[in-house]
1. Quick check: is even one residue across the range 143-153 at pLDDT 80 or above and in contact with a helix residue (DSSP H, G or I) (Cβ under 6 Å, 6 or more places away or on another chain)?
2. Looking at (1) under 21 Å from residue 129 (Cβ atoms); (2) free of Cβ contacts under 8 Å to residues at least 24 places away in the same chain, which is the one condition that is false for residue 51?
3. When residue 67 is evaluated against the numbered criteria (1) more than 19 Å from residue 124 (Cα to Cα); (2) crowded, with 17+ Cβ neighbours inside 10 Å; (3) modelled with pLDDT under 90, which criterion, by number, is the only one it fails?
4. Answer yes or no as to whether residue 126 is touching a strand residue (DSSP E or B) at 6+ places or on another chain (Cβ under 8 Å) and either in a strand (DSSP E or B) or modelled with pLDDT of 90 or more (or both).
5. When you go through 136, 83, 104 one by one, which is the residue that is modelled with pLDDT under 85, out of contact with any helix residue (DSSP H, G or I) (no Cβ under 9 Å at 6 or more places or on another chain) and loosely packed, with under 14 Cβ neighbours inside 10 Å?
6. For the range 54-73, name all the residues that are out of contact with any strand residue (DSSP E or B) (no Cβ under 6 Å at 6 or more places or on another chain) and under 19 Å from residue 103 (Cβ atoms).
7. With the requirement that a residue be over 22 Å from residue 136 (Cβ atoms), out of contact with any strand residue (DSSP E or B) (no Cβ under 7 Å at 6 or more places or on another chain) and either part of a helix (DSSP H, G or I) or at pLDDT 90 or above (or both), what does the range 16-47 give you?
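The values are calculated or read from the model by the stated rules, or taken from the named source; none is laboratory data. Remember, predicted model here, so these are calculated numbers, not experimental data. When we count neighbours, we look across all protein chains shown, and the Cβ atoms used for this are built from the backbone with ideal geometry, even at glycine.
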């Protein structure tokens, strides 16, 4: 847990108007009520929040987004930036470029929490599968001890 002796920032991404693409934003709303960790909304243009992120001087950044990794709708995956490839499909196509930029400007360790979307159509509601997974994950992350344990575990992979 010594790795987390420093600033942790959560960056949530998504588009409120596109079905399951709002998963990251929904996670941010839920978690911000239960943590002192800064939660920064990047919306659907996370590069616009880069200055706010850098100002926090983070040592760990957790990016939360809808991400097509070939899982079942509502499934969740945490990956480190080292395992994030240019082929990783975020609903925001340039996620790897955003991560590379943050790595260079902050020297922070970056993790991505992705939720497998079911549908991303304009004007659609979030699918029940994704909404339930986001709620469950936010409850789990609301415990500081559990958040530290999750980040420590991911670090060891």
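1. Among the residues of the range 143-153, not one is at pLDDT 80 or above and in contact with a helix residue (DSSP H, G or I) (Cβ under 6 Å, 6 or more places away or on another chain), which makes the answer no.
2. Result: residue 51 fails condition (1) only.
3. So residue 67 meets the others, but not (1).
4. No.
5. 83
6. Passing the criteria: 54, 55, 57, 59.
7. Hit for the range 16-47 is 47, nothing else.
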